[in-house]
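> Quick one: this structure, given as structure tokens, is what I'll be asking you about.
The values are calculated or read from the model by the stated rules, or taken from the named source; none is laboratory data. In this text, all values refer to a predicted model and were calculated from it rather than measured experimentally. Every residue, glycine as well, gets a Cβ built from its backbone with ideal geometry; the counts of neighbours run over all protein chains shown. Just so you know, the surface numbers come from the protein's heavy atoms only, side chains and all, with ligands and any DNA or RNA stripped out. Shrake-Rupley method; radii C 1.70, N 1.55, O 1.52, S 1.80 Å.
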Amino acid sequence: MSGSMANLTDATSLKQFEELLKNNNKSLTVVHFHAAWAPQCSQMNDVMAELAKEHKHTMFVKLEAEAVPEVSEKYEITSVPTFLFFKGGEKIDRLDGAHAPELTNKVQRLGSGGGGAARAGDVPKEDLNERLKRLINAAPCMLFMKGSPQEPRCGFSRQIVQILKDHSVQYSSFDILSDEEVRQGLKTYSNWPTFPQVYVNGELIGGLDIVKELVESGELENTFPKTVSLESRLKSLINKSPVMLFMKGNKEAAKCGFSRQILEIMNSTGVEYSTFDILEDEEVRQGLKTYSNWPTYPQLYVKGELIGGLDIIKELKENGELVSVLKGEN
């Protein structure tokens, strides 16, 4: 890559970050919260460099999340890579994860004020369909709604949330107002023009009217998965594998320094283990802290028993006891 570009820069302090936003308040600013230890971040930095060449009027800022905690905490950055989009000094959008096509799409859409003729970087249909398929199958029962179950943003969504709650249905939800691409794409994908939409095991059940019909006919109970109490869910997750590590990220990509360190130690033992990404499930993330009376992550369990976090694992390794603890011999 030749020389540095005027619209691609690093922010290394809160003051510098605020200056950049202030000086660029007329156009779009894209901020990449990254970490030096995460390979997916360096890939996304390459994507940013390419985008900076194409979008001269957009400012691209790289910010090391752990090095400028005041900014990361203010914007609730819990994993890397995360991208925030600013206009007029205000945050207008967010993208979590290394999704190059989505980043390209957002830069084009937000940078051109919603218009713009550049369509070369639009997400190919297959990519969108793959994403919709993944979202639909993200939980045994998925509700695509306006808003969230805690704050529904339309009457139909509010009614359907109430019905699911009254019948103890376990479900996950997706706010279609947060993602125009999913909102429009899902109508075509499922050939169903309105929201809310409910899916069970990847199949469309329908909208509010159909769910009401299922209630009246008494078929709702057999159609939807029942709620499992959080406690039984945590218990079964902890016992899913003889050695279970609850962390930020997974074996392939840790999303915080502590999780990365514990992975290195675990991999050096040669003992088989499974991981659970707490960033993917807020209920598990909060519930496990109370369940185990242990407030931080990562957390390591052997045969359903909490061993502890990074400090304890380091200590066990130094004492030469780690492998026997992992094998359940201690």
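> Cα centroids of segment 1-56 and segment 135-169: how far apart, whole angstrom?
Each part's Cα centre sits 37 Å from the other's.
> Additional query: Report, in listed order, any pair from K74/K248; K22/K62; K133/K303 with a Cα-Cα distance greater than 27 Å. Can you show the working numbers first?
On the way: K74/K248 19 Å; K22/K62 16 Å; K133/K303 34 Å.
Check vs 27 Å cut-off fails for K133/K303.
> Something else now. Under 10 Å, Cα contacts only: if you run a Gaussian network model on the chain, which one of F85, F156, F33 comes out with the highest mean-square fluctuation?
Maximum fluctuation in the GNM of the chain, among the listed residues, is at F156.
> Assuming R0 = 45 Å, can you tell me the calculated FRET efficiency for the pair K26 and S148, based on Cβ-Cβ distance, to the nearest 0.05?
On the way: r = 33 Å, r/R0 = 0.73.
Computed FRET efficiency for K26 and S148: 0.85.
> Further question on the same structure: Be a star and scan segment 171-202 for residues whose amide nitrogen sits under 13 Å from the point 7 Å along the Cα-to-Cβ vector of T223.
Of the residues in segment 171-202, 197-201 have backbone N under 13 Å from the label point off T223.
> Taking K and R as +1 and D and E as -1, what net charge do the other residues with C-beta under 11 Å from the C-beta of W37 add up to? Kindly include the intermediate steps, with their values, before the conclusion.
On the way: positive: K255, R260; negative: E64, E66, E264.
Residues close to W37 contribute a combined charge of -1.
> With each pseudo-label sitting 7 Å past Cα toward Cβ, what's the D46-F156 distance in nm, one decimal?
So the two model labels end up 4.4 nm from each other.
> Separate question: In the chain, what percentage of the DSSP-assigned beta bridges are antiparallel, given to the nearest 5? Mind dumping the intermediate values first?
On the way: 28 of 45 bridges.
Once the DSSP bridges in the chain are tallied, antiparallel ones form about 60 percent.
> Here's something else I'd like to know. Would you kindly state how much longer the chain becomes between Q16 and W294 on full extension, computed as 0.36 nm times their sequence separation minus their alpha carbon distance, in nm to one decimal?
Extra length available between Q16 and W294 comes to 96.4 nm.
> Given axes a ≥ b ≥ c from the Cα gyration tensor, I'd like to know whether the chain is rounded (a/c under 1.5), prolate (a/b larger than b/c) or oblate.
Details: a/c = 2.14, a/b = 1.04, b/c = 2.06.
Oblate.
> Same structure, new question: Skip the ligands, DNA and RNA, and give the accessible area per residue of the chain with a 1.4 Å probe, whole Å². Please list the in-between numbers first.
On the way: 17400 Å² over 330 residues.
Using a 1.4 Å probe on heavy atoms only, each residue of the chain averages 53 Å².
> Leaving out ligands, DNA and RNA, what percent of the accessible area of segment 185-330 is carbon and sulfur, probe 1.4 Å?
Working: 3650 of 7850 Å².
That share works out to 47 percent.
> Report the antiparallel proportion of the DSSP beta bridges in segment 128-223 as a percent, rounded to a multiple of 5.
Numbers: 8 of 12 bridges.
Counting only bridges with both partners in segment 128-223, antiparallel ones make up about 65 percent.
> On to the next question. Going by the alpha-carbon gyration tensor, a ≥ b ≥ c the square roots of its eigenvalues, is segment 170-263 rounded (a/c under 1.5) or, if a/c is not under 1.5, prolate (a/b greater than b/c) versus oblate?
On the way: a/c = 3.65, a/b = 1.60, b/c = 2.29.
Oblate shape, in that a/c is at least 1.5 and b/c is the bigger or equal ratio.
> Could I ask something else about it? May I ask you to derive the FRET efficiency for E283 and Q184 from their Cβ-Cβ distance with R0 = 41 Å, giving the value to the nearest 0.05? Kindly include the intermediate steps, with their values, before the conclusion.
Working: r = 29 Å, r/R0 = 0.71.
Efficiency, rounded to the nearest 0.05: 0.90.
> Normalised by the residues of the chain, what does the relative contact order come to in percent, with Cα pairs under 8 Å and at least six apart? Write down the numbers at each step before the final one.
Details: 476 pairs, mean separation 39.1, N = 330.
Reported relative contact order: 12 percent.
> Okay, moving on. Counting Lys +1, Arg +1, Asp -1, Glu -1, what net charge surrounds T269 among other residues with beta carbon under 15 Å of its beta carbon?
Details: positive: K251, K314, K317, K327; negative: E264, E272, E315, E318, E321, E329.
Charge balance near T269 sits at -2.
> Rounded, prolate or oblate: which fits segment 12-103, taking a ≥ b ≥ c as square roots of the Cα gyration tensor eigenvalues, rounded meaning a/c under 1.5, else prolate when a/b beats b/c?
Oblate is the answer for segment 12-103, as a/c is 1.5 or above yet b/c matches or exceeds a/b.
> What does the helix-only formula give at 222 nm for the chain: each DSSP H stretch with n ≥ 4 adding -39500 (n - 2.57), the total divided by the residues, and the result rounded to the nearest 500 deg cm²/dmol?
Values: 14 runs with 140 residues, N = 330.
Calculated mean residue ellipticity at 222 nm is -12500 deg cm²/dmol.
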